[in-house]
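Visitor: The structure is given below, and queries will be raised subsequently.
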Amino acid sequence: MSLFSRAALGLGLLFLYAPIAALVVYSFNASALVTVWGGFSLKWYGILFQDGPLLAAALISLRVALASALIATLLGTLAALALGRSGRFLGRLLFTGLVYAPMVMPEVVTGLSLLLLFVGLGLDRGVGTIVIAHATLATGFVAVVVLARLRVLDQSLEEAAADLGAGPFRVLATVTLPLLAPAIAAGFLLAFTLSLDDLVVASFVSGPGATTLPMRLYSQVRLGVNPEINAASTLIVALVTVIALSASWLMARHQYR
Amino acid sequence: MTVPDHTEGEPLLRIAGLSKRFGAFAALSDVSLDLTAGEFVCLLGPSGCGKSTLLRLVAGFETPTSGTIMLGSEDLAALPPHRRPVNMMFQFYALFPHMSVGRNIAYGLKGMGMGRTAVADRVAELLRLLRLDGFEGRAPDTLSGGQRQRVALARALAREPKVLLLDEPLGALDRSLREETQGELRALQRRLGTSFVVVTHDAGEAMTMADRIAVMNQGRLVQIGDAASLYERPASRFIAGLLGDVNLIEGRIAGPAAGAIQAVETGFGRIEAATERSWGLGEAVAIGIRPERVTLVAGAAALEGRITERTYLGDRLRYRVTMADGTILRASVLSSGHALSPGDPVGVAFAPDAIAILPP
């Protein structure tokens, strides 16, 4: 690697990760002032774990992420199977577009339109509506990840299973799904992080008593940043990193020839 | 195309007028083929000739545009793949990578109403039959190519199909293993009495293994017969060239000689050839003669030429003989005899039954 390439890479990484690094460093700051270093301390983590409302929000976030990721994984996998294994059907192109569209849709638009829908349906806004909204957001991502694997999955494996007397359901259960499992798991983790991260859509569709962690943090920041927020954010970064690495590890493993 | 009646009793598999179109492309056109129980048939042809499509139609992975596929008195076309009593061995084996060898072989046995011990016994029997003892717990991707091929064969044979379809079963093996496996496959088929339909693009492989070879080209079945009849009496230049080296010479029918012998006028002289069909006087034809059926004689002969090249091949000598009009004939003779040298004049003779008259 040339000196220029190294420098460019270094600057790029600095640009991407310097803010996060600062956040992580200041979460261990003994001082109560965010921008003044007062020595190493874990006290903000201690305070964090005493903060009842924040912990409650974290719990809500985890529950929402789990539920919405499960729904998105189910729907996304079904969509991928329909797109990848049902041959050509009427409206296939349209369906493909419809599955992908929520991924590029501005979150404000998604949030607003979901809000209008929930109001129109007379649904009580709360944890349930956030789950539905996040599932909507993540289904397309799961579909894309699963479909990518399905496209490279040797179709003769499914034909061989059918040839050996397995009906369509048994082929799906014993051959297709097991071979897609890493991609499905990766899709689940992706959906989980998307939900965990989301502030915009959740803000639109949440109701009383349904405050997610990002919403809680955001409202606290408006009152002023304190190192406790840094600590909470650091933990979120750590969790998301672990999940993202697991997802890419799952995708890379069993790389199907 | 008429199929020579090679069968004893009712055919097991009867394919009649089968066609398959993919959009505007005719992958298969009006193919008819009968298969007797216990017969070993090879579908031979270049890639894209429709042989794999034919196999996939029988297995049920494609639906025919027209035509019927009867197994005994049962119409297969109405059945989905998993209800057809035929099994297929796939070109790249399609072994389930997430299952052990034993579970791969047992896959087809589950759902047949067999008990656990019956399944285990059958798997053990197949492992023994294909010399795979001790491999039961191994994952497919830890096996060699030859072992994978045998696992695929065991899995396809597990349900005791009446007809086994094999798509290029030896295509992924290296050359030496391939020749060894040809013999094994043939012996296995004999032992089990299962009808085999093997797709191959290798004429030598087809000739080694098959009872009958069905030659396909451009979606059509162009000739069917045993190796000798295809080799000796090909129906076209394409088939003559597919089965081995051949001299193809342009000519015209000069009229009948004695009996079923026709005289053909070529650029370097008149050649007599045995033929079963009738040809019009003056009709343009090609004659095909195998290099080993060209007889070289020293001294005066009706047809004369000159040796222009000699290649030593161990057991055989290969000559290139340039005839009076510049036509080059390839001749292959046993190398034990007297060797001719480039520049030597030579007489050329053909036995009438060694020559096939072909459409131009």
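The values are calculated or read from the model by the stated rules, or taken from the named source; none is laboratory data. What you are looking at is a predicted structure, and each value in this text was computed from that prediction instead of being measured. We place every Cβ from the backbone using ideal geometry, glycine too, and count neighbours over all the protein chains shown.
Visitor: List the helices (runs of 4 or more DSSP H) inside segment A:147-249, counting only whole elements, that have at least 3 residues being crowded, with 17+ Cβ neighbours inside 10 Å and within 14 Å of chain B (Cβ to nearest Cβ).
Guide: A:155-163, A:177-197
Visitor: Within segment B:89-105, track down each residue that is more than 29 Å from the chain's Cα centre (by Cα) and at the interface with chain A (Cβ under 10 Å from one of its Cβ atoms).
Guide: B:F96, B:P97, B:H98, B:M99, B:R103, B:N104
Visitor: Run down A:L3, A:L33, A:L23 and say which single residue is surrounded by 11 or more Cβ atoms within 10 Å (Cβ to Cβ) and farther than 16 Å from A:V237 by Cβ.
Guide: None of the others qualify; the one that does is A:L33.
Visitor: A follow-up question, please. Which of (1) within 14 Å of chain A (Cβ to nearest Cβ); (2) closer than 29 Å to B:A16 by Cβ; (3) touching a Phe, Trp or Tyr at 6+ places or on another chain (Cβ under 7 Å) does B:F40 not meet, given it meets every other one?
Guide: Among (1) within 14 Å of chain A (Cβ to nearest Cβ); (2) closer than 29 Å to B:A16 by Cβ; (3) touching a Phe, Trp or Tyr at 6+ places or on another chain (Cβ under 7 Å), B:F40 violates only (1).
Visitor: So, of the residues in segment B:312-360 that are loosely packed, with under 14 Cβ neighbours inside 10 Å and touching a Phe, Trp or Tyr at 6+ places or on another chain (Cβ under 6 Å), which turns out to be nearest to B:G299 (Cα to Cα)?
Guide: Residue satisfying both the conditions and the ranking: B:A324.
Visitor: What do you reckon, is A:R63 of a type in the set (D, E, K, R) and assigned to a helix (DSSP H, G or I)?
Guide: Spelling it out, A:R63 is indeed of a type in the set (D, E, K, R) and assigned to a helix (DSSP H, G or I).
Visitor: Check B:S47 against each of (1) part of a loop (DSSP other than H, G, I, E, B); (2) among the polar types (S, T, N, Q); (3) within 14 Å of another protein chain (Cβ to nearest Cβ) and name the one condition it does not meet.
Guide: With (1) part of a loop (DSSP other than H, G, I, E, B); (2) among the polar types (S, T, N, Q); (3) within 14 Å of another protein chain (Cβ to nearest Cβ) applied to B:S47, the lone miss is (3).
Visitor: Moving on to the next point. Looking at B:L143, B:L165, B:L185, can you tell me which residue is modelled with pLDDT of 95 or more and in contact with a Phe, Trp or Tyr (Cβ under 9 Å, 6 or more places away or on another chain)?
Guide: Going through B:L143, B:L165, B:L185 in turn, just one is modelled with pLDDT of 95 or more and in contact with a Phe, Trp or Tyr (Cβ under 9 Å, 6 or more places away or on another chain): B:L165.
Visitor: Here's a follow-up. Can you name the residue in segment A:36-55 that is without any contact (Cβ under 8 Å) to a residue 24 or more places away in the chain and among the aliphatic types (A, V, I, L, M) and is also nearest to A:I236 (Cα to Cα) among such residues?
Guide: Filtering segment A:36-55 for residues that are without any contact (Cβ under 8 Å) to a residue 24 or more places away in the chain and among the aliphatic types (A, V, I, L, M), the one nearest to A:I236 (Cα to Cα) comes out as A:L55.
Visitor: A:F141: touching a helix residue (DSSP H, G or I) at 6+ places or on another chain (Cβ under 6 Å) and of a type in the set (F, W, Y), yes or no?
Guide: Yes; evaluated as a whole, the condition is true for this residue.
Visitor: Within segment B:153-192, which residues are surrounded by fewer than 15 Cβ atoms within 10 Å (Cβ to Cβ) and within 13 Å of chain A (Cβ to nearest Cβ)?
Guide: B:E160
Residue-by-condition table, conditions (1) in a loop (DSSP other than H, G, I, E, B); (2) among the small types (G, A, S); (3) within 14 Å of chain A (Cβ to nearest Cβ):
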position	(1), (2), (3)
B:A26	no, yes, no
B:S32	no, yes, no
B:S52	no, yes, yes
B:P64	yes, no, no
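Visitor: Could you tell me whether B:A139 is small (G, A, S) and within 32 Å of the chain's Cα centre (by Cα)?
Guide: no
Visitor: I'm trying to understand the selection: among the residues of segment A:79-137, which are polar (S, T, N, Q) and assigned to a helix (DSSP H, G or I)?
Guide: Selection gives A:T96, A:T110, A:S113, A:T129, A:T136.
Visitor: Also, quick follow-up: Of the numbered conditions (1) surrounded by 10 or more Cβ atoms within 10 Å (Cβ to Cβ); (2) not in a helix (DSSP H, G or I), A:W44 satisfies every one except a single condition; which is it?
Guide: Failed condition: (2).
Visitor: Counting only residues that are part of a loop (DSSP other than H, G, I, E, B) and basic (K, R), which one in segment B:153-200 is nearest to B:L95 (Cα to Cα)?
Guide: Here the residue is B:R159.
Visitor: A further question on this structure: Name the one entry in B:L95, B:L55, B:L79 that is closer than 26 Å to A:R170 by Cβ and in contact with a Gly (Cβ under 7 Å, 6 or more places away or on another chain).
Guide: Just one listed residue meets the conditions, B:L79.
Visitor: If you don't mind, another one. Kindly indicate the residue of segment B:106-134 that is surrounded by 21 or more Cβ atoms within 10 Å (Cβ to Cβ) and more than 14 Å from chain A (Cβ to nearest Cβ) and also farthest from B:L54 (Cα to Cα) among those meeting that condition.
Guide: B:L132
Visitor: Right, next: Test A:T73 against the stated conditions and say whether it is polar (S, T, N, Q), modelled with pLDDT of 85 or more, assigned by TED's automatic domain parsing to the domain that holds A:G140 and closer than 22 Å to A:T241 by Cα.
Guide: Yes: the conditions hold for A:T73.
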